[in-house]
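The values are calculated or read from the model by the stated rules, or taken from the named source; none is laboratory data. These numbers come from a predicted model, not from an experiment. Please note: Cβ atoms are built from the backbone with ideal geometry, for glycine as well, and neighbour counts cover all protein chains shown.
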Amino acid sequence: MKISPLQLARYQYNPKLPGMLRNGISEICVKNGNPTESVADQEKIKALFPNTYGKNEITFQKGANTSKAKKQVVGVILSGGQAPGGHNVICGLYDALKATDKDNVLYGFKGGPSGLLEDSYVEFDDEYINRYRNTGGFDIIGSGRTKLETEEQFAVVAEVCKKHGITAIVIIGGDDSNTNAAVLAEYFAAHNTGVQVIGCPKTIDGDLKNEDIECSFGFDTATKTYSEIVGNIERDANSAKKYWHFVKVMGRSASHVALETALQTQPNICLIGEEVAAKKMSLAQITEYIADSVAARAAKGWNFGVAIIPEGIVEFVPEFSVLIAEINELLAGKKADDFNALPSWNDKYAFIEAGLTKESMAVFALLPQSIQQQLFLERDPHGNVQVSLIESEKLFSEMVKNNLAARKAAGTYNGKFSALHHFLGYEGRCAFPSNFDADYCYSLGYNAFMLIQYGFNGYLSKVSNLSKPAQEWVAGGMPITKMMNIERRHGHDKPVIRKALVELEGKPFKYFEANREKWAVETCYVYPGAIQYFGPSEVCDLTTRTLALEKA
């Protein structure tokens, strides 16, 4: 395999650890904090997790290591979608494990949770690990989306652990994966297996976040990658001066990526799903808002601009959510076969018109035909509309185009509108991690082993004070159950980690809100450029604008 000069250089980068973790394993002790409780539904969560609920938060500090010396055999998995820095979590875990005792063992289970169930693994050594230091991707062992949630699965995992003498499992994943980690930890505790489970917070979407988890890993790199591309698009728009670019970015359940990218690049338009939901904005109102910016800029002679659209925006529009629910009902069971058997779109349209309420049909009729048809594409395993397949960037550009045509007919608009479309998704998931993510992820892995060494179970590796230089970061752990509540999933009450949405009263959104009116009309673009790995700390080690504003 040919290796790029940058990759060779990144192999040599030494990630920065929190000051406390630099003392050496023998000089790290535990400081106990307060007992914890879940964010909601305390009695229900406590009943489900009797062995792991209510434990203390902890931090590591300088002092004699009082953990019991024993050989550690640790398994690690990567779960869910890729996020930059995952390799460094494993590298930090491996280095701490070997620094404690060179006879300790780290197994990487391949393909995510299914690797644990199938006993498919690799035993890491220095040569293997060194090929992946400070690199992007999850290709060190691969990932997967199998969920660990049944007693039968837990029993299989317990047997695999027993076979290899595994003392702990580290699960690197997002909210669902760490929910599974908490349930697995409870099972191990209830069955006295002696196996610990530690989670690490991963997701580029930024929605695994709370008062303890300041930032999930990968968010920094992904948003810097997207912001570089958006900045390039802005510069091209400002050069050609003839296109409006509609850019969809990752983030189905929350708009953190869109907001952070907007804070870094200052586009003319950025939609925030949480605001759309709070204000109960209709498709027509959103269209009008974007069209107002297009018209105002056209009046200045600027027939160009940039709009950022979060991936899940349509799910935040109340009338669209109702439409989706009605379509799901309309095509339930055998009715889907009846619909698919109709020979033409006109026949299908008549079927739809007869089956929807008057209000939802009015919304459906507003949509361009291409989007109407996307709503009836392949269903998910539960028979529901796959909202992620809807090209919302094309939806809004087409609706804006129609709005502007009506304005032109009325004599209130005389500009030109030509739209181009982009979807930034996979481009950001496996980039070389920024220095921040390289440092943060290495620290999470190193810290995860300290939690294992001290016997903690059902804890999340926690590194905080992240807006400061790495030397000032604080390492510790928190019970995963602290982040949990009960939600209705597929007709059943389930304990899950609560997703963090964009806070409309938070400092990042308030900064955006205070400036977006000017950005909508003026050309205030910022061109962040590529991620910088070498140079002054104020250039190379910057954290996200979101975190900087939150901790200002």
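Some notes on this structure:
- Condition met for Pro528 (assigned to a loop (DSSP other than H, G, I, E, B) and within 22 Å of the chain's Cα centre (by Cα)): yes
- Some residue of region 118-138 being in a loop (DSSP other than H, G, I, E, B), within 28 Å of the chain's Cα centre (by Cα), over 25 Å from Gln7 (Cβ atoms) and β-branched (Val, Ile, Thr): no
- Helices (runs of 4 or more DSSP H) lying entirely in region 329-374 (those with 2 or more residues that are of a type outside the set (S, T, N, Q) and within 36 Å of the chain's Cα centre (by Cα)): 335-340, 358-366
- Counting only strands (runs of 3 or more DSSP E) that sit wholly inside region 473-522, not one has at least 3 residues that are of a type in the set (Ser, Thr, Tyr).
- Against the test of being closer than 27 Å to Val496 by Cα, modelled with pLDDT of 95 or more and in contact with a Lys or Arg (Cβ under 7 Å, 6 or more places away or on another chain), the options Gly115, Gly86, Gly137 yield a single qualifying residue, Gly86.
- Residues satisfying the criterion are present in region 221-238 (criterion: among the acidic types (Asp, Glu), at pLDDT 95 or above, within 23 Å of Ser418 (Cβ to Cβ) and not in a loop (DSSP other than H, G, I, E, B)).
- The sole residue among Ala182, Ala158 that is more than 14 Å from Leu116 (Cα to Cα), aliphatic (A, V, I, L, M) and either in contact with a Pro (Cβ under 9 Å, 6 or more places away or on another chain) or assigned to a helix (DSSP H, G or I) (or both) is Ala182.
- Tally of residues being among the hydrophobic types (A, V, I, L, M, F, W, C), at pLDDT 95 or above and surrounded by fewer than 18 Cβ atoms within 10 Å (Cβ to Cβ) across region 370-414: 4
- Pairing each residue of region 190-202 that is assigned to a helix (DSSP H, G or I) with any residue that is at pLDDT 95 or above and surrounded by fewer than 24 Cβ atoms within 10 Å (Cβ to Cβ), provided the two are 6+ apart or on different chains, yields C-beta distances under 7 Å for Ala190/Asn51.
- Residues in region 81-94 that are on the phi > 0 side of the Ramachandran plot and part of a helix (DSSP H, G or I): none.
- Residue identified as of a type outside the set (Val, Ile, Thr), under 25 Å from Tyr226 (Cβ atoms) and under 18 Å from the mean Cα position of the chain (by Cα) among Glu275, Glu311: Glu311
- Annotation note: of Leu78, Leu97, the sole residue that is surrounded by 15 or more Cβ atoms within 10 Å (Cβ to Cβ), assigned to a helix (DSSP H, G or I) and on the phi < 0 side of the Ramachandran plot is Leu97.
- Residues of region 236-268 satisfying the condition of being among the aliphatic types (A, V, I, L, M) and under 22 Å from the mean Cα position of the chain (by Cα): Val247, Val249, Met250, Ala254, Val257, Ala258, Leu259, Ala262, Leu263
- Residues (over 17 Å from Gly231 (Cβ atoms) and surrounded by fewer than 16 Cβ atoms within 10 Å (Cβ to Cβ)) located in region 507-527: Lys507, Lys510, Glu513, Ala514, Glu517, Lys518
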